[in-house]
Amino acid sequence: MTDRPLTLMAVHAHPDDEATGTGGVLARYAAEGIRTVLVTCTDGGCGDGPGGVKPGGPGHDPAAVARMRRRELDASCEVLNISDLETLDYADSGMMGWPSNDAPGSFWKTPLEEGAARLADLMRHYRPDVVVTYDENGFYGHPDHIQAHRITMAALELTELTPKVYWTTMPRSAMERFGKIMREFGEDMPEPDPAEAAALADIGLPDDEITTWVDTTAFSGQKFDALAAHASQGENIFFLRMGKERFGELMGMETFVRVQDATGAALPENDLFAGLR
C-alpha cells in the first residue's frame, strides 16, 4: 500500500480545452480528493487577440495572445481546483492547413520523440492512475489535438506505468442535440456547407460504443465558470451563449472511450477510477 494520492492527468492542446472537454471530471475528482494534473501542450498564440482580432489580422501579436491566455488558464485552473498545471509551451499550430502549422517551434512540427520524452518525464513524476487525452483524430481534426494524442500514447510506451487511459468523445445523440441548440442560440450563424455538415456528423461515436459516462452535473457551474475564464476566446466558445442554467442542463455528462485498463473494471462504467478505489 502507498499513501500516494490517486491521480488524474489530462493532456490537452490549448488553454480552454481543459474546460471544454474535461472541466466536469477535473472539478468532480478534485472535490473527491483526487490529485488533478493538467498538461497544456501549446501557448494558445493562434487564438483571438484583444477585440477579437484574428490570427494573421492587423495587430494580432501571438506572443501577447499567449501571455493573455496563460493568465486565463491560471484562472480556469483555480476555478476547477486543479492541483498541478504543467505547460509544455509549444507554439500553437493553428487550424489544419494554416501557415503556422510549419512555423519554427510549432507543436505540429515538433518531433514526436521530443514531445513524448518531455511528457513521459511528467508521467514518471506524477505517476497518474488515469490519463485522459484525445483520439487519433484529435476529436475534430485539429493538428495540435492530434499531436497531443500522439505524444501521450508514445509517452505511455516510454514509461513502466499502466494507468487507465481514456480518449474524450461525444455521443452522436448529443451531437444531434447540439446542432439544434446551435441553431436556437445562433440564428445569425450561416448554414454549414455540405462538407462541413458531413464532417460534423462524423464527430463523436454511436452511444453504444462509448465505454464511460461520468455524471458531472453537480459541477457544471464550475465548468461554465472555467470556460468563462477564457474571456478572450468568448466569441469561439459557443456554450457560453446558453447561460449557466441551460448549460448545466445540457453539459452534465462527460463521456469517454477506455483504451487501456489493468483493473478489469466492468464496462460500461460511470467512474474513471472504477477498479482503483
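Throughout, read-outs are computed from the coordinates displayed, never taken from laboratory work. Given the structure is predicted, the values throughout are model-derived calculations rather than measurements. Glycine gets a Cβ as well: all are built from the backbone with ideal geometry, and neighbour counts include every protein chain shown.
For a Förster distance of 35 Å, can you work out the FRET efficiency between the beta-carbons of Q260 and F238, rounded to the nearest 0.05? Please report the intermediate quantities before stating the final value.
Values: r = 32 Å, r/R0 = 0.90.
For Q260 and F238, the calculated efficiency is 0.65.
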For the stretch 1-73, just list the percent of Cα-Cα distances falling in each 10 Å bin from zero outward, please.
19, 37, 25, 13, 4, 1
Roughly how big is the chain's charge dipole about its Cα centre, with Cβ charges of +1 (Lys, Arg) and -1 (Asp, Glu), in debye to the nearest 20?
480 debye
Modelling each spin label as a point 7 Å along the Cα-to-Cβ direction, I'd like the A31/L267 distance in nm, to one decimal.
2.8 nm
Any aspartates and glutamates with Cα under 17 Å of the K109 Cα? List them, leaving off those in the same chain fewer than 8 positions away.
D43, D89, D92, E136, D144
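If R0 is 41 Å, what FRET efficiency do you get for E160 and D74 from their C-beta distance, rounded to 0.05?
On the way: r = 32 Å, r/R0 = 0.78.
Efficiency computed from Cβ-Cβ geometry: 0.80.
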Tell me which of A120, S106, G52 sits at the most positive position along the dipole axis of the stretch 25-144, charges placed on C-beta atoms (Lys, Arg +1; Asp, Glu -1).
G52
Residue among L119, L240, L267 with the largest mean-square fluctuation in a Gaussian network model of the chain, springs linking Cα atoms under 10 Å:
L267
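Sorting check: for 161-167, 258-264, which peptide has the highest mean count of neighbouring beta carbons within 10 Å, and how do the rest follow?
161-167, 258-264
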What is the Cα coordinate range of the stretch 227-277 on the first, second and third principal axes, sorted by size from largest, in whole angstrom?
42, 22, 18
Calculate the length of the line joining the C-alpha centroid of the stretch 233-261 to that of the stretch 1-74, in whole Å.
15 Å
